[in-house]
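The values are calculated or read from the model by the stated rules, or taken from the named source; none is laboratory data. All figures in this text were calculated on a predicted structure; none of them were measured in a lab. As a convention, Cβ positions derive from the backbone with ideal geometry for all residues, glycine included, and neighbour counts pool all protein chains shown.
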Number of protein chains: 2
Amino acid sequence: MLTENWKELADKAVDIYEESVKKTLELFPFEDPKTLEVFNSLPSARGKTVTDFGNPAKVPIEVYLESLPDKVKEITEKDPAELLKELKRGTYSVLEVLESYFHAALFASKLVNCVYEFLPVEALAFAKALDAAFDESKDLPLYGLPISIKEMIPFKNRPITHGSLCYLDRVVDYDAEIVKILLAKGAFPFVRTTNPQSLMMLECESYMHGRTVNPFNSDLTCGGSSGGEGAINGIHASTVGLGSDIGGSIRCPAAFNGIWGMRSTVGRLPCADYFSCQLGSESILSVTGPLTRSLDLLEITMKSIIDSKPWLVDPMCTAIPWKPVEFNKKIRIGILHTDEVVTPLPPVARALKEVESKLLNLVNVELVEFKPFEHQKAMEIISSLYFEDGGADTKSTLTATGEPMCEQTSWVLSKDAVKPLAVPEIWKWNLAKQAYRKAYLKHWLSYNDAEGGELDAVIAPVFPGVAAKHRTAKYWGYTAQWNLLDYPVLVFPAGKIDTSLDKPDTSYKPLNDMDKFVYETYDSAESFAGAPVNLGLVGLRNTEEKLIEIGKILRDL
Amino acid sequence: MLTENWKELADKAVDIYEESVKKTLELFPFEDPKTLEVFNSLPSARGKTVTDFGNPAKVPIEVYLESLPDKVKEITEKDPAELLKELKRGTYSVLEVLESYFHAALFASKLVNCVYEFLPVEALAFAKALDAAFDESKDLPLYGLPISIKEMIPFKNRPITHGSLCYLDRVVDYDAEIVKILLAKGAFPFVRTTNPQSLMMLECESYMHGRTVNPFNSDLTCGGSSGGEGAINGIHASTVGLGSDIGGSIRCPAAFNGIWGMRSTVGRLPCADYFSCQLGSESILSVTGPLTRSLDLLEITMKSIIDSKPWLVDPMCTAIPWKPVEFNKKIRIGILHTDEVVTPLPPVARALKEVESKLLNLVNVELVEFKPFEHQKAMEIISSLYFEDGGADTKSTLTATGEPMCEQTSWVLSKDAVKPLAVPEIWKWNLAKQAYRKAYLKHWLSYNDAEGGELDAVIAPVFPGVAAKHRTAKYWGYTAQWNLLDYPVLVFPAGKIDTSLDKPDTSYKPLNDMDKFVYETYDSAESFAGAPVNLGLVGLRNTEEKLIEIGKILRDL
C-alpha cells in the first residue's frame, strides 16, 4: 500500500491513461489524419486532472455516432454476436476488428471517460496470434472478440486499485481465472474500464480517473461500480465486458446505459481472485457477470465460461453445468411494481406496465402480481453486513495517501448500519440473513400455481428511476435485495424515457425520507432526457439459463 | 437460556430419558416377561446420575446379541435396505418393525448409553398411520423405516440442547426441514441420540446424558459429536441416522463403530435449522449426513432427500439433482498413507495397505499414491475459524447454569488458535482458507492422468487409529482437513483390529508433540481389541454419487 501524497499518485494514474492512449494511437493510428483532428477536438469528459470533470457533450453518444469514421462503425455498430460469426467466417480479421474497437473506445473514452487504461500491446499480440492460427482457432466460441474488463479484475503486469490510489503499486503477475478462461475461448481484453473509489458506489467517480458520465445524457451518472463497463458497452465501444456486483454494481450500470447485464448466482462464475476492500469478508459475497448490448453474446459468454468447468480452478464455484432450458408449460412471471420502500418514478412505473401489457398478449406466458416481502428489512440486514469493520479498511485506503473521500463513499459509510461489528453481532446479522432468505423463498414459492407449477421469474425495477443525476444514486434497495438473497438477475432494456409521458406525479406523498429524496430528484422528465429505461428479471438461485430464455421473449416483445 | 443450577437440570434430563423409557415399555411392552428381567439386569453404561458412567460390559455388542430376543433380531439384524424391501412388500407391518427397533434400542441404550430420548408416542402414531395407508404409502422410498436423529436436530415439542443443560427450555414447535422431508418419504424418527457438550468433541460426553461408549469395547469412545448415532447404528439398533459434521462429527463416530457415514458437501443436504453453539458463524459451515451399517440405505436416504429438491425449503442448499454415476474409464483412486502431521497407527496403516492391494487386483481401477499438501496449515486455519469469538458463546452456555466444562471441551477451547478474533483477523483467516482451497484443488488435479482423466477419489485415514480410549480423541486432522476444503467423504468399514498383526511400532520416532501423544495412546493392540477399522473415501465437491459407486466396489472387495 502506497503512502505518497495522493496528488502525485493521481498524476501517475493520469500518466498511465495518457501513455496508454499514446501507445494505442502509435500501434493503431487513425487511417485518415482528419480523424485525429476530430478526436482531439471532441468535448472531453476528462479534465486536466482527476478533480476536473472536463466539459462533456450533453449527449455524448450523438457526438460519438456523428464523429466516428464510418469504417469503424461498420464493425462496432454491428451486433457483437453477429460480428462474432463474421470473425469465425473470416469476413474480418481479428486485427481489423480490434483496430475498430480501439478507435471506437478512444472516442468513447474521451466523450464519457469510461476507460481506465487501454491495452494496445497485449491486445495486438493476442489478435496477431489468433489471426495467425485462424484455422485452428476459428471454432473457439468467442474467437477474436476484443472485450473490456473492469479495472478491479486482475490482469497481468498491471496494478489493481479498484479506484484507490494507494494500490497503484499492487501489480499482479497473473490474470484472473475468468480472464484466463476467456483467453482460452478466443476473447481477449483490450481495455480496462473505470470503477469508483472503493467500489461501494452506484456511480463512477474516483481520484484515479475523475468521473465517468452517461453516454445518453452527461448530466446523469453511468452508474457503478462497473460504471466504465456500463458506459463503454452502452455507447457500443466494446463487445462485452466483465463487471462485479455486491449491491447492484453490474445491474445499475447496465440499466443506466440501456444494455443487458447479468448478476449471476454466487458460485456460477469464477471471481474469487477479484480485488476489493473488505477482502475475506464472506457474509455478503460479490459475484461477476457480463454487461453487453447483445443478449446472444451474453449467453455465449456465460455458456463458454461455465462450459470450461470453472469449479476446477476456482473453489468458490459450484459444479453446475450450463443447461439450456425448455419450457413445457406456460412461463409464469411475477411483476413487482414496487418494493413498498421507494416508489418507482414515472418512467420505470410506465415501463413495468408496458412490459406487463405486452406480455399479457402472449399465449405462452402467465402473469401474476408479485408483492414485496419486507424489503426494508433486507436493506437493514445487508447494510449491516457490507462493512463488518465499520468501514475501517475502506478508510485506511484513503488515509494512507490523504486521498479525499468521495461524497458517495462518505455517504455510504455514514449510514446508521455501518459500524464495527463484534463477532456476536456478525453472527446475529448472518442469522437474520438466513432467516430472511428462508422466509423469502417461501414467499416466492407461494406464487406457484394451483398445480404447483413454479413461478419462473419476477420482473422488477433495477433502480427507482432511470440513470440518476450525479451524486444522487442513493437507493440500492432494488438491487441489494437480490444480493442478500443471492438470486440472479438479468437486466434488460425496456425503452427510453418519454418526456411527454413521464411527467413527475405532483400529487405523490412520499412514504419515508428515502422515498422523499428519490421523489425530489425527479424534478422533471426533461432533466433525464435521453435516458434508457431498463428493468430486471429475477430468478431463484442458479436459474441463469432460464432468465436468458425469458430474456429472449422480452427482447422480441 | 436457563439459569437454574446445573445439577437440577441434569436431574431433569435424566427424568426425560427415564420417562421416555417408561413410556416406551408401556406402549411397546416386551412380549415375554423374562425379557424385562434380562433388560433390567443388563450391565448399564448409564449411572445413577450423569456424572456416573455406570458399569458397562467390556464388549456391549456381545451382550446385546446374546440377550436380545431372537424375534427382535430377526428384524433388526436384517440389512436395513433388505428390511425396507420387506416393509414395502408387506412382509412386516411398520408397527412390528418399530416394536423390534424400540426393543433393540432399549437394550442398546442401556448397554452403551446412545439414546438421549425415545419417541414412543410420536413413532407409534407415524407407524399406525403408515400401516393404515399401506396401499398408498408403500411406494414411498423409505416406507416404514424407523430412523434415529441426533439430539441437536429440531424435532417438534422437544427441547434442543446440543448437550448443554441451559437449553433444556429451548422447545421447538417445528421439525427440521430434513425431518419433514424424511417423514414425507415414509421414514420417521423413533429415538433422539446422544451428543456431547457443545458438540465440539470427537467423543460423546455431556451432563445431559453421561457418556456413550463404544459397542465393541467400552473402554473406547464411540466418537462424536454424532456419538449416539455411531453407537446405535454400530450395534444395529437403528436403520439409519442423521448426524452433523463440522470437524469430523459424522465420520469419526461412523469410523469408530464400523459403519458407513457420509459428510456431504455444503449445500447438498438441508441442515440450516440445526442448533449448535456459534450459530451464525459462516466461515466454516456444518453439514449433515447419514450414518448406517447399510451402504444401500445410505444411498437411498441421500437420493430420497435430494430428490425432494431441498433447495426449495432450505436456501443454503444448491439445486444439484441426484445423478447416478457411470464410469466409462478406469476409476482413478489416490491413496493417502499419511498427512505427514500424525502418522497413522498400525491398524489403520495396515487397512490402507490391504485395501490398496485388493484394489490393485481390479482391472477397472487405477491407483496412485496421493501426497498430502500442507495439512498442518489446514488445521491452523480451521482451528482459528471454529471459535471466532474465542469460545465465549460456548462458555456462556455453561456459566449460565454452572455446568462444569468437560475435559474435552476445555481442551479444544485451550488451543492456541482459539482466541476472540477482530473482524480483520476473521477476514485474514478467510483469505487463508480461500487460498488454501485453491492450492489444494490444484494439487488434487495434478493427479489427473496424462490424458487429463480425473482423479476420482482419495482413500485416506479418518483418524490416526481405531476408536480412541476415552478422553484421548484429540487429533482432528484427518477429518477437519476436508471440512476446510468442503470435500465430501464417505467413511467405509475396512475390517477390525488384529491384535496379532497390529502391534505398536516400538522403533517409531514421533514427528511432533501431537504425533507423540497419539503414538503413546497406542500402548498395545489388546487395549483396542474388537475395534472396527474404517477408512474414508474423499471426493471433490458435490461428488457424493461417485463416492457411493466407488463405495460399492470397496464393500465388495
message: If B:LYS85 meets every condition in (1) in contact with a Leu (Cβ under 9 Å, 6 or more places away or on another chain); (2) surrounded by fewer than 24 Cβ atoms within 10 Å (Cβ to Cβ) apart from one, which number is that one?
response: (1)
message: Take B:ALA349 and tell me if it is in contact with a helix residue (DSSP H, G or I) (Cβ under 6 Å, 6 or more places away or on another chain), more than 24 Å from A:LEU540 (Cβ to Cβ) and in the same structural domain as B:ALA460 (by TED's automatic domain parsing).
response: no
Enumeration of residues in region A:99-144 that are surrounded by fewer than 16 Cβ atoms within 10 Å (Cβ to Cβ), in contact with a helix residue (DSSP H, G or I) (Cβ under 8 Å, 6 or more places away or on another chain) and not charged (D, E, K, R): A:VAL121
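In the list B:TRP411, B:TRP429, which residue meets the criterion of being more than 25 Å from A:ASP393 (Cβ to Cβ), assigned to a helix (DSSP H, G or I) and among the aromatic types (Phe, Trp, Tyr)?
Numbers: B:TRP429 fails: more than 25 Å from A:ASP393 (Cβ to Cβ).
Being more than 25 Å from A:ASP393 (Cβ to Cβ), assigned to a helix (DSSP H, G or I) and among the aromatic types (Phe, Trp, Tyr) holds for just one of B:TRP411, B:TRP429, which is B:TRP411.
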- prompt: Can you tell which of B:LEU168, B:LEU140 is under 22 Å from B:ALA127 (Cβ atoms) and aliphatic (A, V, I, L, M)?
  reply: B:LEU140
task: Spot the failing condition for B:MET1; the list is (1) closer than 27 Å to B:ASP296 by Cα; (2) not assigned by TED's automatic domain parsing to the domain that holds B:PRO215, and only one is missed.
output: (1)
- request: Can you tell me which residue among B:ASP32, B:ASP15 is charged (D, E, K, R) and within 27 Å of B:SER396 (Cα to Cα)?
  value: B:ASP15
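So is B:VAL63 out of contact with any Ser or Thr (no Cβ under 8 Å at 6 or more places or on another chain) and within 28 Å of B:ASP219 (Cα to Cα) or not? Explain how you work it out, then say what you get.
Working: out of contact with any Ser or Thr (no Cβ under 8 Å at 6 or more places or on another chain): yes; within 28 Å of B:ASP219 (Cα to Cα): yes.
Criteria met by B:VAL63.
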Residues (in a loop (DSSP other than H, G, I, E, B) and not aliphatic (A, V, I, L, M)) located in region B:414-426: B:SER414, B:LYS415, B:ASP416, B:LYS419
message: Being under 18 Å from the mean Cα position of the chain (by Cα), surrounded by 21 or more Cβ atoms within 10 Å (Cβ to Cβ) and under 25 Å from B:GLY228 (Cα atoms) is the requirement here; does B:LEU285 meet it?
response: no
- prompt: Within region B:296-335, which residues are in contact with an Asp or Glu (Cβ under 7 Å, 6 or more places away or on another chain), within 14 Å of another protein chain (Cβ to nearest Cβ) and of a type in the set (A, V, I, L, M)?
  reply: B:VAL313, B:VAL325
query: Going through region B:419-448 one residue at a time, which ones are facing chain A (nearest Cβ under 7 Å), surrounded by 15 or more Cβ atoms within 10 Å (Cβ to Cβ) and within 13 Å of A:LEU312 (Cα to Cα)?
result: B:ARG437, B:LYS438, B:LEU441
query: Are any residues in region B:382-408 part of a helix (DSSP H, G or I) and within 14 Å of chain A (Cβ to nearest Cβ), and if so, which ones?
result: B:SER384, B:LEU385, B:TYR386, B:ALA392, B:ASP393, B:THR394, B:LYS395, B:SER396, B:THR397
field: Residue within region B:418-431 that is more than 27 Å from B:VAL533 (Cβ to Cβ) and within 25 Å of the chain's Cα centre (by Cα) present
entry: yes
field: Checking B:LEU297 against (1) buried (at least 23 other Cβ atoms within 10 Å of the Cβ); (2) more than 27 Å from B:GLY234 (Cα to Cα), the condition it does not meet
entry: (2)
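Can you find, within region B:360-377, the residue that is farthest from the other protein chains (Cβ to nearest Cβ) among those that are part of a helix (DSSP H, G or I) and within 23 Å of B:ARG332 (Cβ to Cβ)?
Of region B:360-377, the ones part of a helix (DSSP H, G or I) are B:360, B:375-377.
Imposing the further condition that a residue be within 23 Å of B:ARG332 (Cβ to Cβ) reduces the set to B:360, B:375.
Numbers: B:LEU360: 28, B:HIS375: 17 Å.
Per the criteria, the residue is B:LEU360.
Answer with yes or no whether A:THR91 is surrounded by fewer than 16 Cβ atoms within 10 Å (Cβ to Cβ) and either aliphatic (A, V, I, L, M) or modelled with pLDDT under 95 (or both). Can you show your working first?
Working: surrounded by fewer than 16 Cβ atoms within 10 Å (Cβ to Cβ): yes; either aliphatic (A, V, I, L, M) or modelled with pLDDT under 95 (or both): no.
So A:THR91 does not fit the description; no.
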task: Answer yes or no as to whether A:ALA494 is within 13 Å of chain B (Cβ to nearest Cβ), of a type in the set (Gly, Ala, Ser) and out of contact with any Gly (no Cβ under 7 Å at 6 or more places or on another chain).
output: no
statement: Residue set B:VAL365, B:VAL325, B:VAL341; condition in contact with a Gly (Cβ under 7 Å, 6 or more places away or on another chain), on the phi < 0 side of the Ramachandran plot and of a type outside the set (D, E, K, R); output residue B:VAL341
- line: Expected output for region A:18-39 (first residue modelled with pLDDT of 95 or more and of a type in the set (S, T, N, Q), partner in a helix (DSSP H, G or I) and surrounded by 13 or more Cβ atoms within 10 Å (Cβ to Cβ), Cβ below 6 Å, 6+ apart or cross-chain) is A:THR24/A:PHE102; A:THR24/A:PRO120
- request: Would you check if there is a residue in region B:481-490 being in the same structural domain as B:GLU545 (by TED's automatic domain parsing) and touching a Pro at 6+ places or on another chain (Cβ under 7 Å)?
  value: no
query: Do we find a residue being outside the structural domain of B:LEU398 (by TED's automatic domain parsing), part of a loop (DSSP other than H, G, I, E, B) and surrounded by 13 or more Cβ atoms within 10 Å (Cβ to Cβ) anywhere in region B:7-25?
result: no
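Based on what the data block shows, is A:LYS395 out of contact with any His (no Cβ under 7 Å at 6 or more places or on another chain), basic (Lys, Arg), modelled with pLDDT of 95 or more and farther than 22 Å from B:MET316 by Cβ? Talk me through it step by step, then tell me what you get.
Working: out of contact with any His (no Cβ under 7 Å at 6 or more places or on another chain): yes; basic (Lys, Arg): yes; modelled with pLDDT of 95 or more: yes; farther than 22 Å from B:MET316 by Cβ: yes.
It is true that A:LYS395 is out of contact with any His (no Cβ under 7 Å at 6 or more places or on another chain), basic (Lys, Arg), modelled with pLDDT of 95 or more and farther than 22 Å from B:MET316 by Cβ.
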